[in-house]
Structures are given as structure tokens and as C-alpha cells.
Amino acid sequence: MHPALSVIIFTVLSGAGYGLFSLVTLLHLSGRYPASGQTELVTQLGLALALITLGLFSSTLHLHNPKNAWRAVMRVRTSWLSREAVCALSFYPFALIYLWQVLQVGVEAGPLMVLVGGIALSLALLTVFTTGMIYASLKTIRQWHTALTPANYLLLGLALGATALVAVHAGFGGRSEGLVLLALGLLLLAGVMKGLYYLWIREVSGPSLNTATGFTQARVRLLDQGHTAGTFLTREFGFDPGAGRIRRVRLGVFGFGFVLPLLLMGMVLGGGSSLWLAPALMSALAGIGLERWLFFAEARHGVMLYHGLQRT
Amino acid sequence: MTALPAFEDHDRQQSKYTTCYMCACRCGIKVTVENNQVRFIQGNRNHPVNKGVLCAKGNAGIMKQQSPARLRYPMRRKPGSERGSGDFEPISWDEALDQLTERLARIRATDPKKLAFFTGRDQMQALTGLWAAQFGTINWAAHGGFCSVNMAAAGLYTMGHAFWEFGDPDWERTKYFMLWGVAEDHASNPIKAGIDTLKRRGAKFVSINPVRTGYQAVADEWVPIRPGTDGLLALSMVHVLLRHDRFDWDYLVRYTNAPWLVVDTPGQKGHGLILRDRDGNPLAWDLELGDVVDASLPEIQPALFGDYTAPDGRPVRTVMSLLAERYLDDAYAPENIAPRCGVPAEQIERLALEMAHVAFKETIEIECEWTDAYGRTHDRFVGRPVSMHAMRGISAHSNGFQTCRAIHLLQILLGTIDVPGGHLSKPPYPRHIPPGIKPARDMAPNTPLKSPPLGFPTGPEDLVIDGEGRPLRLDKAYSWDAPMANHGLMHMVITNAVKGDPYPIDTLMLYMANMSWNSTMNTAQVMDMLREKGADGEYKIPFLVVSDAFHSEIVNFADLVLPDTTYLERHDTISMLDRPISEPHAAADAIRQPILEPDRDVRPWQEVLVELGGRLGFPAFTTRDGIRRYTSYQDFIVNFQREPGIGFLAGWRGAQGQNSLRGDPNPNQWQEYVDHQCFFVHHLEDSQKYYRFCNRDYLELARHAGWVGSVEPIILELYSETQQRFKLAGQGLYDGPMPKRPEHKARLVNHFDPLPIWYPPLEQGRIDLEAYPFHAITQRPMFMYHSWDSQNAWLRQICAQNFLYMNRGRAESMGIADHAWVWVASHHGRIRVQVKLMEGVAPDTVWTWNALGKQSGAWGLSQDADESRKGFLLNHLISELLPQRGDGLDNVTNSDPITGQAAWYDLRVSITPAKPGEVGAWPRFESIRPLPGMPDSPDQVRYRTHRRVNLRRSLWDVLTRGKGRS
Amino acid sequence: MRLGLVIDLDTCVGCHACAVACKQWNTSGTTGPLTDESPYGAAPTGVWFNRVRHYEVGDYPHTKTVNMPLSCMHCDDAACVTVCPTGASYKRREDGIVLVDQDKCMGCNLCAWACPYGARELDPQDGVMKKCTLCIDRIYDGALAPEDRQPACVITCPAHARHFGDFDDPDSAVSRLSRERGGRKLMPELGYEPTNTYLPPRSAPTVPTADVRRGSLMSNVKDWVNKAIAR
Ligand SMILES: Nc1nc2c(c(=O)[nH]1)N[C@H]1C(S)=C(S)[C@@H](COP(=O)(O)OP(=O)(O)OC[C@H]3O[C@@H](n4cnc5c(=O)[nH]c(N)nc54)[C@H](O)[C@@H]3O)O[C@H]1N2
Ligand SMILES: Nc1nc2c(c(=O)[nH]1)N[C@H]1C(S)=C(S)[C@@H](COP(=O)(O)OP(=O)(O)OC[C@H]3O[C@@H](n4cnc5c(=O)[nH]c(N)nc54)[C@H](O)[C@@H]3O)O[C@H]1N2
Ligand code: SF4
Ligand code: SF4
Ligand code: SF4
Ligand code: SF4
Ligand code: SF4
Ligand SMILES: [Mo]
């Protein structure tokens, strides 16, 4: 699949934003948020909303007819994209009321705050889940068509959110080993999950050029695809990064996305300066950005069988 | 859901019928026009050729009409500018025609042969040939000489019709179909429909072709033969039939010259000629009489085999004895042929016997009373349902004439010619063997030729040579180089004219032929030749007139460009006098009527010819007072008569339109055609449908219609006396003109033979075969016509770059990967191309699509179009002359030595991987400059004739429906 | 009704007529125009609803070339419809035709992602998804002659390899062909339940030769004894 920058930005930023929002809200509402005060809480929530909004804005960039984007809410009955849109949109009023409450009332959580915050939190997680499901529901792309996809989206969103959370927290001068431990744990879990995913997609399954053409008794090869220049299909689906590049990018994913942030967090836990959490966040963002690029680049759409691929 | 909206406003649309000319198949089309733009072109269901279907090209007519390469007005090379520099200025039609008339009038009044007029994919040779004859120049021919004349000749000299456009398999009845070397052919749609028809019935389809694409893809059996060896394969199958005593004895006795007696006096004059009586009648040996008898009489009992003594004492043998003796020879045994053809011996034997089985064990009979040419009635047509078709895989080789005769021999032995289930001729064929027209030789100023420039020689005395044996025609047709060059040698015209060999000319007129590019061999040097000047500073070809509709490569070299209309903008005819649209059982012709008004200052070339004919005072185009006789081409079509009652169109003749085929001109004829969907069909009676070479009712009709000159039966000639006359001339044993130069003698001796022979393609005898291990051939893509369709925005999306296809295993063994760039070299030059690997090609063969490569800047394409950057022409590697060996053949055309048919597919090449970094097609030529006043080609096309009427989904439906249908 | 196409791989010669017919009909059709980019330049490309691809089955010399036109299969379980968030993509109740309402599409491409057959192409100029309409603007146009109320690709196919009809009707030509010739659905394992079926190549007919093999093989002209046959 052609990795569209707008979609990479969207999923990474909004994932991080929803993750951050969920964690902050959860900690806050459960009374475990070691906030230095209202400003920090508002900053955390504001940052989360900014990331989410930036991401959603970016996602509309890849629409070719954005004037009809509002119609995307019409098909919740069947469409995960529609569901995502509905979740994302309905998240806002609750999140904003919640934020408004925090601004009004302060860090003390009242019943209204718990209610709207709780709803916003669920919607945030749901949105990330629906995003994952958009991809996971596509039978045409075996690398996506797995429960690992939404799990990945959720975990990576939460891990990024947690990393952001501790970084911001550190920015406010806070130092919470517990939070860093949480971030470290989530990141580790996400990394393990990603590793599992990479293992899982190595198992080739699903349609082949044989089943795509119906000739299953002998080797089938493409002779001619019927056009000499590219088409919408080859531009959209025909991306092939090559095995070497995949290997290199994977190193980057693990290096920047997991190993480096984990090391930095370890240093912090081991008594190092909390300021290391900022580069940890940068590194994680970059690494997960690469992860997202790879998520698309490695995905091979079934239609490429018709263009000569033997297996997806 | 609610009712559908009205998608089309039919009230604003008009539909008209006409004839397609995206290629030479000439299908009937119905064109729907809206806002003076084409909404849709669809096949005419009632049309005899395509019966409603349309090919990819025909479906892309809209984009031809939109082509930015359409010429807009007459142009001349700017005075003082160099030819080929593309420096043109627009001029008016009056100026253009005045200038041309003046020049032509001078030539005609002094030395008419100084005008050479050659036409490419023209289907109105009846007009252009007539025009040339009226002008008085013998230097006229159409594209047949580089296309498939050797097949046309082989057919016409063997069975009175041919493959090519003159005959078809009996698709409805055949049970076994063998296709030799055909990728697409002129009958594009009929062949596809025919293959479907026969496969539905469970008939077997065998394809003989080194490449498995297109038709071969759907063949039941694919025979990947080595190019140029089909003659051997056919003759080996003949061997098998003879060995198993499987041939149609009755058919041979009744309808062929198999029982005729041949004089058997080797080394003496008259050897190998048919034994004839005093009146010239052929003789046979009558088994009952025990004596010779006029072989053309009915009811005799001729011996098919045997050696006898003629009344004059000379030893004679039957044709069949000669034939059987030759092909029974072990040299033709499958096991000896197999290694040369690359076809396993068991397969050769099996294929021959399968055909024998179908011919003799699955015979079909159609009950129908019919009368033979001798007046005897029969109650049934016996059919042997084996059919074949062949085209350029055979014809584009220098042994194509003999190979094609070998295939016809196979067909005739099986008794399959013009019988139910076999190969059927299409009116106006069959003709007598050969048709009784001799090529014109004599010319005089201001005088029409006495006969057409092209005809059918029956011996050396018919050659168009002078007393010294030198060619009289510019293309050297009908000379010792190409004695039976019945369609001329268009591919030699430029080379010969520039060399002044046999003589220089003044003006070359080209119509519909891209002679500086895809229809020439040796492209790069031919481009130089067109620019070549003599010591006097004058161009070697002083004046070049090009009639084209588009900005093709040749236009760039013109001194005068006469822009033609597109096929949707003109009056035209597809005439019985030329190659009509007939089907085996229906004589048919057609017209083209203008559908759209030209939006440019262009004129149909045919109109221009009629006008020039009037201006130059041709007798056929003027009244006795010298006044123009025809106001327009349409007027000419309706009123010109070749002989009383016979004109360009066969339908609705006679003052009231009451006559078919023959009758007085009818002033309303054109309108009748328009009213009848632009075509006319005369269906044959059931009794006239088969055995037409010997079918009285048919022959009488044919004579009435002017298709044949007499109702004498047409005897199929397994044995060609014409061939033997030339051979004797080569041996010095002929009573008549004989060649003097040794290489001419050798050509006649080695390549002419009264019975089909096989010899290796000529190029192979003059190069180091090991240095050039691959056969290199081209195929026509089904979705493009020669060079025409790269200007078509839709078709070029299918293919804008051609590749050289190689056998995967073979390429990989040479370290050549898919999509690698390679150098391809022949004895003549080298090119760089990109390869694609495939399974379905013989390991020693490489191929590419024909005519896809383009010169940068032509055809309205951008300078960086894929066609010129990555696409290529194989033509650079093909020489118009035989490979140089420093002998008498150095200057001789790379053609079939009998018919002058260009030997495109004799080419042998070597292939070597290109160095890293060597990418892109090579050679590349300077970009052709844009023509003055041509619009820029658009960056985007959004063609439509009306705003779309969207089919809305209701909001209710959007909100309430789950997945799926409910 | 369940309308769709049967494509006969036994006779499809890969001529591309159906693809171009589709293009010319639909460029002025209900979802036209079908934009072409760089039509006269490098890498020409455009929107098509039907593309013909060519495959080779098996290795030389036991290889068979297969020409395979691909357009929308009008799937019964059309994920392209399921995933569409706007409702622009839908499957018609009455005949199962899968369409895109051009006025509702937001150009997100998701439906194309969901389609395994490459049947959907985005028109970059209009920003909306386009696809085979099964020529709905022909098949229901009462002003056309009945035999013309068929898809453009079907009426044009020179090899008569394309058939149009109702698969719900067991007696329709498409149902019959599909049944008798073992019509195949492509990528059945994905469960899209495509309506269109592909007829596999027929097996080659066998022609006996035993009955024309003569025991006594001729090896010399002298072996033949003339028959008395009147000319
Ligand atoms: N679409 C389309 N139709 C056309 C044309 C076009 O340009 N495009 N051109 C028209 C013209 S002018 C002509 S002459 C006809 C020609 O029509 P075809 O005869 O179909 O011409 P080619 O495409 O040259 O096909 C020759 C075939 O012979 C095979 N071949 C080559 N060498 C040999 C050999 O030695 N033995 C055998 N058995 N096979 C061999 C090639 O692989 C190829 O498949 O088509 C006409 N129709
Ligand atoms: N390598 C290789 N070369 C070959 C062949 C091959 O198989 N391989 N095949 C050979 C054969 S068989 C043939 S027939 C030739 C074909 O060769 P050509 O007859 O030269 O073929 P085209 O490319 O069709 O070009 C004819 C010219 O006609 C022009 N034209 C098109 N329509 C019109 C019109 O309506 N009016 C006028 N006045 N002009 C028009 C075009 O613009 C073009 O310049 O190619 C030969 N060359
Ligand atoms: S075969 Fe195609 S291009 Fe040729 S005349 Fe017929 S429809 Fe036109
Ligand atoms: S038109 Fe018919 S034969 Fe040609 S590619 Fe399409 S389905 Fe095949
Ligand atoms: S073929 Fe593709 S576009 Fe057509 S219905 Fe099936 S999934 Fe949808
Ligand atoms: S591109 Fe249009 S039709 Fe396709 S899913 Fe998106 S909105 Fe629906
Ligand atoms: S049914 Fe119509 S829209 Fe669909 S592929 Fe055929 S011609 Fe194109
Ligand atoms: Mo030709």
C-alpha cells in the first residue's frame, strides 16, 4: 500500500492524543494523577486535544472530495470509518465539557466531571479501536486483517500517550517513578506486540495469483497488466519498499520507537534527569511514525496479485 | 427505489451508419452524434463483416477524432528550408493544387514514369490504380508488396483466391482449424467471432506460431514452430498423408491439375511443361482409352498416377506422380523435419492424421441440387471440414510464396477448398488462374496506360523489363529480381529512386504510408536518403508529396502536405472492384458517409485525385471537350463505369435501382446506400455456395457481375506451369526472355518450382547464423493499427511502450532478467531495448509489437512520450537489401525472390545485456518540430457529450439499509 | 434479480475491445467523464472500469496464455459497500448492481481498499470514486432496441466471450453457462460472493487417428494403383 503522509500523521498524532487523553483522564478521575496542579492537567488535556485535532485535520487532507466529508457519519451501521468519524466527533463535546470543568472546578473531580470524563475517555479509546478496525476489517490486506491491528493501534496510542504524559509531567518539574514505570510498561508491551505482529505477518496465507485467476493447477505468471504506465490501482496499492528497506525501517521502528525511549526511561528510573523524557518522546514519535509508514508499506493489497504478485 | 432518471436525451442525438476505418477490416458502424460530437460508436448488427461487434480500435474512434495530430491545412516546406527540418508554411488548397497540377502536367507531358505514386494501407486501389494508369505511369503500387503479396500470389496461382482478404474458413461448419502465423489479420473481428463459433461446436483449433498470445492463447494446441520453417512442416504433413494414402482422390481428379501430364525431359526445352494438344488444352491419360485425352473434358477417366508416353514420343508423368514422388522422399519424413522446425515428429504425424480423420471420417454432406460447370447436376455438396488460415507469419518470410503454396497443397490434398467446412473464397473470388491481366509496360507522354500497372505474369515474356533485361519499373517489380511482384515493391521505392537505379524520378507521391518510419526497412538510412542531394544541390527525390491525415513521421519530409479528412468526415467506398467486404456466401460492398463536419481546412484525398484527374485532363475524368466529368468523388463513385454496367458500387444499379451487381448508373444509388445502412449484400443461392470454381450457376453470376471473364471451370493448380517457365528461363531452356546474369539465373533455378519447395529464408544464407542466434519478429497488437493509434489517448494507455519479449528460461540462462535493457544486433545495425520475459515464446525467437516506437515530436505526442523514449522499432535492424557479401546479390531486395514480398521476419539477431546505466531506447532521433498553427496537446482529456445524470441514492436508503441487498 | 457478467476464458483473445467500449460508453455515461491524464505525454493514465490482463499458466512449452478482463463483480457480500462511510457506495436492492452515488462520495478510497478485484478507480479530477455501473444507463434505457439493452462491453466483444444476465434466474443464459461450463468465482476464499463468473478454458477436443493410419504405408509412387474415377 502506498503510505500516505496524511494518514501516517493522522494515525500517529491522534493515536498519541487519544492515548494521552485517556491516560490523563483515567488517572485524574481515579485520583491517581500526581499533577502539579490545574495548569498541568489543562496542558496535558489541551495537548491531547491538539494532537487529536491536528491528526483529524490531517486525515481530511487525504480525502479527494472533502466537501462531502460530513457525510462520513452516515453509515455507522456498517462502516468502521463511519464509526470512527462518529466516535471522533462525539468525543469532542464530552472532552470539551470535561476540560471546561477542569478549568472551572480545578483538579477536584466532581460527579459531572466523572461522567463526561468517563464518556470522553471511552470514546477516545473507542476511536482508536475503530481506527484500527478500519484496517483490520479489510480482507483484501492480510497484513491488516487481524485482531493484532486494533490491539496495536490501542497499545501504541496508549504507549505514545504515556510517554507524552511523563514528558509533559517532567516539563512541569514533576517526577513520578510510577508514571514512568507505566509508560515504560506500556511501551514494552506495545513493542512486544509489534514484534508479535511482525512475526505473524511472516506467515503467508490468503489468496494467491492462482486463486485470483482461478488457475490453481500450475504456476501462474503475469504476462501483461494491460497498461504500460501506472493506474490508480498501481499508485494506490503498488508500493513495494523492498525487503532490505523493510529490514532497515524495522530496525528504526524498534530502535527509535522502543529501545531508545525505554533506555532513556530506564535512565530516568535509575536516577537520571527527568529531562531525558523529552527526547524519549521525540524518539518514540519518530519510531512509531516509521512503524506507521511500515504498516502501510508492508501491507500488500490483494489486487496486486492481478498485477503479478504471487502472494500477498 | 425510485424509477431511474432519463440518462440520455435521445431527442438531441442522431444515429447514422457508416464504415469504420480504424483499420482495414471495414466493419459497419452506427455512430450516435450529440452536439456535433460522437456520443458512441457501436457495431452494426446487420453488417456482414462484424455483425454488431467492434474491436478496441473501432471503439476508440472518438479519440481519433479528438487527436491533436490531425493535420489542419495544406502546407509546403518553406522555400529555402531543408527537407526534414519540419519548417512548414500553411498554404491554400488552390495554391497547393495549382502547384501540383503544374508539376504533374509537365511530367505527364514529358516522361510520365518520373511520377511515382505509392499508397499504403489504402483500400481504394481501384481509384488510385486507375488514376496512375490514366496519368500514364507504371510506377504505381499499393502496400501489398510489403504486406502479403506472396500469399495473395500463391493463392491466386494455386486456387484462384487466397488467404489474406480473399477467403475465409467456413466458420459455421469447420471441425478442425489450423492457423498459421496470424496474430490479428485484416479480418480482425470475423476471426475472433469465427474462433468462438467453432470452439462452441467443439471443433479443434491448432495454432502454429512461435508465440502464444492473442488467438494462440485460446488454441487447443499450440505448435511453437521455428520461424521460417512452416513450408517444411506443411510438406512433411503432405508426406504423412501420402504415406498413409490419405488424400481426396475424386477431388484431385475432378477439380485440380493433379492428373495432367507433364513432359519429363530433363535438361531439354519444354521439360516440366504441361503436355498440351494443338489447341493448347492440357492432356491426361485416360484409363479406359489407354491414350491421352483432353484433360478438361468431363467424364474421362484420367489416371492420377503413372508414367506414359506422349503421342510425340516424349515421356510424360502425371502431376500426382511427380508430386507423390517428391514428397514421399525421406527428406520430408517427420523425423527428418522435426529438428529443423522444432516440432516433434510424433506431433507432425499426429496433426496430419487428425486432419485426415476429420476430412475423411467426419465428412459432411449438404443436400442441395447444384450444377457443375459441365452442366451435370449433383444432389449434394460433399464437405471435408478442415480449414486453415495463414498470414504474415508465412508471408513476411522470403520463402513465403512457396510455403503458402505448400499449405494450399495440403488443403487441396484433403479436398477442402471451397467445400462445406473448408476454406471458402469470397466474391469476387475465385478468379481464373491467374487472373487475365498483364502488367503494363509501355508508356507515352500524355497517354493513359493500356492496361493496369499491375497484373499477373504467366511467364518471362510478361516481365516489365527492357531488351537488356533491365527493370522498367522504379521498384523493379516484374524484373528478374522479383518476376511475380504482383503488388509492386513499395519498400524499395525510396532506395531505388535515391540511387537512380534503375533511373531517377521527379516526384514521389505517397498516400497513407509512413515510409520514413514503420513501413520502411532500414529506417534511419531511409530518413537520410530522403534528405540526400545530388552534386547539383537538388534533392535526389526532387519533390515529395504526402497525403496524410495526421502528423506522422513521413509528413516531416514532405515538400507538399495534403491533409486528408478522418474516416468520419468523408465519402468513400469499399468496392467490388477492389477488396470488398464480401463474405463467402454474399457479395457485399459498402460506403462511408460523412458523419461530422471537418473543423479544419482538409479534403479527402479521393476528392483531390478526382479533381487532379480533371485538371490534368485524364480521359476517364473529363468529357470529350476536356471538361471535368465528375463534380466530386461521390459523383465519380456513382457514375464511373469500368465496363458497361459495372461501377464502383454493385447495389441499386439501373436507372431505378432495380439491378444488382450490373446495371446502368443510378442517380439515387448513394442515397440507397445511406438508406440501407451504407452497405449492399447480394446473397448467393444455396446452389451457388460451394465448389464455385466448378459451379455453373455461380460462374454465370460471376461473369454477369464482371468478376470473371468466362464461365470456364477454374482448375486448381497443384502444379504451376508459370513457375516452371521461370525455372526453365533460369536454366537457359526457355523459348523467350532469359536472364543473363548468373545471380538471376540462380534465383530462378533455386526458388521457382512448379511444386512447392522449401528453402531457408534468404538472410540466413548470407550471415553467420551463430553470431545471430535469435529469430526476431513482430506481431500486431489487437488494440492498435500500425502507427495510427499512438495518437489515440485511450489506446496508448494500453501500450505506450513496447518490449522485446524473450523466453524466460533462455533469457535467464543468458543472465538477462525481466525488464533488463539489452542490445539487439543484426547484420545491419543495433538497437537498445527493454526485455520482458515470458513462457509462451519459442526459445530461439524474440518478438515485439509492431510500429509502437515513435519518433519524438510526431503524432501530437510530447517529446518525452514513452513511445519515443522507451519504445522502439525493429525496422532499424532490417535491411531493404540482402546482407552484403560482395556478390551479385548485394544490391538485391530483401524480399521473396518470386514475388518481391518484403522479408520482414527473416531477421536474425544477437542479444547482449546492456551495461549498467545504459537505459532507454536507442537510437533516438531529433525531435520533430511542431507544425505551424497546431494546437498544443492537452494535459488532460475529459471527454463527454453531455453532463452526467447521476443516479442518486436516497438519504433514507443510506440511513436504513444494512450491508448487502436488504 | 442478480445481474452480472459471465466471461468465457476459453474464447477471450485479450483484444481489449470490452475495455475500450466501456471507456467510450461511460465517459459520457452516468459517472462520466472518465478523466485521462497526460493523454499525449509520458506515462499516459486514466480512469477505466474494465481492464484486460494477460497471464501465463505453466512453464514453456506446456504453457497456456489466459486473457482476463476484470471489472466490478457486483459482489453479493460487497465489502466496498460495507466500508463506505458516506453511503455513496451501495448495492441496488432490485438487481444487485453496485454503484457509487457521485454526489455523496468524499473520495476517501476506502472502498477501493476493500475491493480485491481492482474494480474501483478514483477520478482525480472529480475527486470521487468511479466504477463499472453494469451500464445501468443502457440496460434500462427503453429507448434502445432490446438487444442493445446490454452493457457496452458485452455488445462489442468480438469473441462473444461476454454474457450479461440475471443469475437469480436459473434459466438465464448466464446461469446456464455458468452451470454447464463450471463457471468460477475469483478469490472465493475472501467470501465476497462475486456475481460475475469466469468460464474456464474447455479441455482440448481429442481427434482419433487410428482409423486413418494405414497398415501398408506407401513408400513409392509405384505402390498406387489407379482408380477408375470419372472426371
Ligand atoms: N490490430 C491490428 N490489425 C491489423 C493491423 C494492425 O496493425 N493492427 N495490420 C493489418 C495489416 S496491414 C496486416 S498485413 C495484417 C497482418 O496480420 P497478421 O498476419 O496477423 O500479422 P502479424 O501480426 O505480423 O502476425 C504474424 C504472426 O505470425 C507469427 N510468426 C512470425 N513468424 C512466423 C513463422 O515463421 N511461422 C509462423 N507459423 N508464425 C510466425 C507471429 O508470431 C505473429 O503472431 O493485419 C492487419 N490488421
Ligand atoms: N517491422 C515491421 N514492419 C512492418 C510490418 C511488420 O510486421 N513489422 N508490417 C508491414 C506491413 S504488412 C504494412 S501493411 C506496413 C504498414 O505501413 P503503413 O501503410 O505505412 O502503415 P501505417 O502506420 O498505418 O501508416 C500509414 C500512414 O497513413 C496515415 N493515415 C492514417 N489515416 C489516414 C487517412 O485517413 N488518410 C490519409 N491520407 N492518411 C492516413 C497515417 O498517419 C500514416 O502516416 O508496415 C509494414 N512494416
Ligand atoms: S476491426 Fe476494428 S478498427 Fe477495424 S474496421 Fe473493424 S471495428 Fe474498425
Ligand atoms: S472484448 Fe471479449 S475477447 Fe476482447 S478482451 Fe474483452 S472479453 Fe476478451
Ligand atoms: S468487485 Fe469490488 S467494487 Fe465490485 S462489488 Fe465487489 S468489492 Fe465492490
Ligand atoms: S471513496 Fe467514496 S464511495 Fe468510496 S468509500 Fe469513500 S466515500 Fe465511499
Ligand atoms: S458493464 Fe458497462 S460499465 Fe461495466 S465493464 Fe461493462 S461496459 Fe464497463
Ligand atoms: Mo499489411
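A few notes on this one:
- Binning all Cα-Cα separations of the protein assembly as shown at 20 Å, short to long from zero, yields these whole-percent fractions: 9, 33, 32, 16, 7, 2, 0.
- Candidates C:N220, C:N26, C:N109: whichever shows maximal mean-square fluctuation once chain C is modelled as a Gaussian network with Cα springs under 10 Å: C:N220
- Average beta carbon contacts from partner chains per residue of B:131-139, 10 Å cutoff: 0
- The stretch A:35-59-the stretch B:10-28 distance, computed between alpha-carbon centres (Å): 66 Å
- Of A:Y33, A:I8, A:G206, farthest towards positive along the dipole that unit charges on Lys, Arg, Asp, Glu beta carbons give the stretch A:5-305: A:G206
- Relative contact order computed over the stretch B:673-749 (Cα-Cα under 8 Å; 6+ residues apart), in percent: 17 percent
- Normalised by the number of residues in chain B, the average gap of Cα pairs under 8 Å and 6 or more apart makes the relative contact order 17 percent.
- Here the stretch B:301-358 has an Rg and Dmax of 16.3, 48 Å, counting Cα atoms alone.
- Ignoring aspartates and glutamates fewer than eight residues from B:K727 along the same chain, the ones with Cα atoms less than 16 angstrom from its Cα are B:D264, B:E461, B:D462, B:D481, B:D735, B:E743, B:D753, B:D896.
- Computed [θ] at 222 nm, deg cm²/dmol, the protein assembly as shown (DSSP H ≥ 4; -39,500 (n - 2.57); rounded to nearest 500): -9500 deg cm²/dmol
- A straight chain from B:H10 to B:K361 at 0.36 nm per residue would run longer than the Cα-Cα distance by 120.8 nm.
- Residue with peak Gaussian network fluctuation, chain A [Cα springs, cutoff 10 Å], from A:Q217, A:Q104, A:Q143: A:Q217
- Interface C-B: total buried accessible area of about 10000 Å², 1.4 Å probe, protein heavy atoms only.
- Global geometry of chain B, whether rounded, prolate or oblate, following the gyration tensor of its Cα atoms and the 1.5 cut on a/c: rounded
- Cα-based reach from B:K113 at 25 Å (exclusive), listing lysines while leaving out same-chain residues under 8 positions away: B:K438, B:K450, B:K476, B:K499, B:K533, B:K540
- Heavy atoms of B:I433 accessible to a 1.4 Å probe, total area in Å² rounded to 10: 30 Å²
- Gain in span if fully extended, B:R642 to B:R376, counting 0.36 nm per residue against the direct Cα distance: 92.4 nm
- Which of C:D148, B:D291, B:D277 is most accessible, then next, and so on - probe 1.4 Å: B:D291, B:D277, C:D148
- With K and R counted +1 and D and E -1, the other residues having a Cβ less than 13 Å from that of C:E189 yield a net charge of +3.
- Modelled label positions at A:A243 and B:D844, each set 7 Å beyond Cα in the direction of Cβ, lie 3.7 nm from each other.
- Put B:F774, A:F254 in order of accessible area, highest first, and with a 1.4 Å probe you get A:F254, B:F774.
- Residue of C:R120, C:R138, C:R179 that the Gaussian network model of chain C assigns the largest fluctuation, springs spanning Cα pairs under 10 Å: C:R179
- For B:I757, the accessible surface of its heavy atoms amounts to roughly 20 Å² (probe 1.4 Å, protein chains only, rounded to the nearest 10).
- Counting only protein chain heavy atoms and rolling a 1.4 Å probe, the accessible areas of B:F640, B:F177 rank, largest first, as B:F640, B:F177.
- In this simple spin-label approximation, C:Y140 and C:L217 carry label points 7 Å from Cα along the Cα→Cβ vector, and these lie 6.9 nm apart.
- Cα centroid separation, the stretch B:529-602 to the stretch B:204-261 (Å): 38 Å
- For peptide B:3-15, the mean count of partner chain Cβ atoms within 10 Å of a residue's Cβ comes to 3.
- Spin-label pair B:E369/A:L112, simplified geometry with 7 Å Cα→Cβ offset, distance in nm: 10.9 nm
- Dimensions of the stretch C:3-199 from C-alpha coordinates, computed as largest minus smallest value along each principal axis and given longest first, are 45, 43, 38 Å.
- Averaged over the residues of B:835-842, the number of partner chain Cβ atoms lying within 10 Å of the residue Cβ comes to 5.
- Within straight-line cross-link reach of B:K30, aspartates and glutamates at Cα separation under 15 Å, skipping those fewer than 8 residues along the same chain: B:E569, B:D675, C:E147, C:D148
- Centre separation in Å (Cα based) which lies between the stretch B:76-123 and the stretch C:60-106: 56 Å
- Listed pairs B:K426/B:K854; A:K67/C:K131; B:K192/C:K64; B:K16/B:K57; B:K854/C:K64; B:K199/C:K227 exceeding 27 Å between Cα atoms: B:K426/B:K854; B:K854/C:K64; B:K199/C:K227
- Relative contact order of chain C, pairs being alpha-carbon contacts under 8 Å that are 6 or more residues apart, as %: 27 percent
- Computed from backbone phi with θ = phi - 60° and the Karplus coefficients 6.51, -1.76 and 1.60, the 3J(HN,Hα) list for the stretch B:745-761 is 4, 4, 4, 5, 5, 7, 10, 8, 7, x, 10, x, 10, 10, 9, x, x Hz; x is used for glycine and proline.
The values are calculated or read from the model by the stated rules, or taken from the named source; none is laboratory data. The structure presented is a predicted model; accordingly, all values stated were derived computationally and were not measured. Please note: Cβ atoms are built from the backbone with ideal geometry, for glycine as well, and neighbour counts cover all protein chains shown. For accessibility, only protein heavy atoms count, side chains too; no ligands or nucleic acids. Shrake-Rupley method; radii C 1.70, N 1.55, O 1.52, S 1.80 Å.
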